2 protein chains.
Amino acid sequence: MTNREIMQRHFVQELELLKDNIVKMGSVTEQAIESAITAVLERRADLAQAVIDRDGRINAFEIENDDAVVDLLALQQPVATDLRFIVAALKINNDLERIGDHAVNIAESARECAACPPVDILPEIPRMAQIARMMLHDAIDGFIRGDAALCRGVLTNDDIIDDLNRDAVKKLVETIRRDVSTIDQSLELIRISRNLERVADLATNIAEEVIFMAEARVVKHRFGG
Amino acid sequence: MTNREIMQRHFVQELELLKDNIVKMGSVTEQAIESAITAVLERRADLAQAVIDRDGRINAFEIENDDAVVDLLALQQPVATDLRFIVAALKINNDLERIGDHAVNIAESARECAACPPVDILPEIPRMAQIARMMLHDAIDGFIRGDAALCRGVLTNDDIIDDLNRDAVKKLVETIRRDVSTIDQSLELIRISRNLERVADLATNIAEEVIFMAEARVVKHRFGG
């Protein structure tokens, strides 16, 4: 093999490694959202704490993937398709790390809620969590498979989440108005609802990146979001 | 001039253009935060609306800068320092666009507040806005000048903002408890406070990127944030 061929092979391997890492990071992040919501629903401070403690893993993924991207760019001048993939990976990496932060916010609120007298959890909260996780899953899946159609589905869900968030916040404000003694838990639930809405926004960002990558045109700031 | 020299000159020009654009985008974003907070303090729905309408400019900057980065990477294999600068620019571009979104959130809340009976605005709110804007300004300045020391100063301010946000939220919850009729305005002020805290977080992200770029080591997830 020539030097050039060796470098080419090394490049392909590094690219596969980056893909694998993004998939793993996506799955850890999805898991964090699921555990944080379970902690809210089942009033489990221990599970909430575990989500907070495990955020370091997501942060470590981000740093590792950033380094991999810089290495890939330095290694050789990637051709158009690879270059677009690598730039998308860098942005998706950042989005996933932020989703991890929102999981931590939800877990912090879950811990607060567990320490307060129980209140009814609105059905909007688990519903939003379920949709947001599905959006995230599809967006990452779409990224790996370069599947723009799958990612278009993600964009349509963002409006559903926005409506659910609006409904949830409205109901919670009414709850406080009726009984101000529920203020602490209700404010935590508002915070949880808004964080889920942000997770859906970030999943939407990822989907937009994938569509851009696959079709090389900007959908961002055109579809709602 | 050889072809290589022509491409090198073109590369340098493109890089300068990207720098200029990031500075302009930073200044437009700073202005958006300032106008949004003025809209809160002076109960000006018109100014709030102007901030919302002008967000398209920030989004347009993001798309333009993203394209410039892809062009720069495709144009020629940048050397280590340039490569790190370009990757940092991509991330900072993304952070600035998100700060623009937070300015929009604050402006939306300002519009809601202007439609409600007036309440006292906590001194924490303009104080946070002032510090967050300064952090953003220093972070962008540090980026352009490659000044890691300036950016270290940004990191220390993040804790001050976190404390101010905590105090503001606590006081606003007490206000609702005392007089539940203030709930709408108080919840908007809580949202404003949390958005300012997020602006400071993003300015901190930018500062961390600059330090990483300047010193090629990861400060992220070590300093608070």
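How long is the gain from B:His137 to B:Ser27 if the chain were fully straight, where each residue apart is worth 0.36 nm and the alpha carbon distance is subtracted? Show your work: numbers first, answer last.
Working: separation 110, 0.36 × 110 = 39.60 nm, distance 0.77 nm.
Once the chain is fully extended between B:His137 and B:Ser27, it gains 38.8 nm.
Which three extents, in whole angstrom, do the alpha-carbon atoms of the stretch B:85-158 cover along their principal axes, largest first?
48, 23, 14
Where in the stretch A:68-112 does the amide nitrogen come within less than 16 Å of the point 7 Å from the Cα of A:Asp20, taken along Cα to Cβ?
A:68-69
So for the stretch B:3-215, what are the equivalent ellipsoid semi-axes in whole Å, largest first, each being the square root of 5 times an eigenvalue of the Cα gyration tensor?
Gyration-tensor ellipsoid for the stretch B:3-215: 38, 18, 11 Å.
Would you mind computing, in nm to one decimal, how far apart the modelled labels at B:Asp147 and B:Val180 are, each placed 7 Å from Cα along Cα→Cβ?
In this crude label model, B:Asp147 to B:Val180 measures out at 5.3 nm.
For the protein assembly as shown, what is Rg from Cα atoms divided by 2.2 N^0.38 Å, rounded to two decimals?
That works out to 0.99 for the protein assembly as shown.
Set the bar at 30 Å for Cα to Cα. Now go through A:Lys170/B:Lys170; A:Lys171/B:Lys171; A:Lys91/B:Lys24; B:Lys19/B:Lys170 and name every pair that lies beyond it.
B:Lys19/B:Lys170
Pop the C-beta distance of B:Val12 and B:Asp167 into the FRET formula with R0 = 51 Å and round what comes out to the nearest 0.05.
0.60
May I ask you to work out the translational diffusion coefficient for the stretch A:1-95 at 37 °C, viscosity 0.692 mPa s, via Stokes-Einstein with Rh from the Kirkwood sum over Cα pairs, reported in whole µm²/s?
My calculation gives 219 µm²/s for D.
Considering all alpha-carbon pairs of the stretch A:1-45, what whole percent are spaced by more than 14 angstrom?
67
Just to confirm my numbers, what's the Cα centroid distance between the stretch B:46-122 and the stretch B:164-207 in Å?
So the two Cα centres are separated by 21 Å.
Just grab the label-to-label distance for A:Cys116 and B:Ala216, each label 7 Å out from Cα along the Cβ direction, in nm (one decimal).
5.0
Can you give the Rg to Rh ratio of the stretch A:33-141, both from alpha-carbon atoms, with Rh computed by the Kirkwood formula?
My calculation of the ratio gives 1.12.
Which FRET efficiency value, to the nearest 0.05, is calculated for B:Asn59 and A:Thr81 with the Förster distance at 25 angstrom and r the Cβ-Cβ distance? Each step should come with its number before you reach the end.
On the way: r = 26 Å, r/R0 = 1.02.
Plugging the Cβ-Cβ distance into 1/(1 + (r/R0)^6) gives 0.45.
A short reminder: the numbers here are calculations on the coordinates, not readings from a lab. The structure displayed is predicted, hence computed values, not measured ones. So basically every Cβ, Gly included, is an ideal-geometry build from the backbone, and we count neighbours across all protein chains shown.
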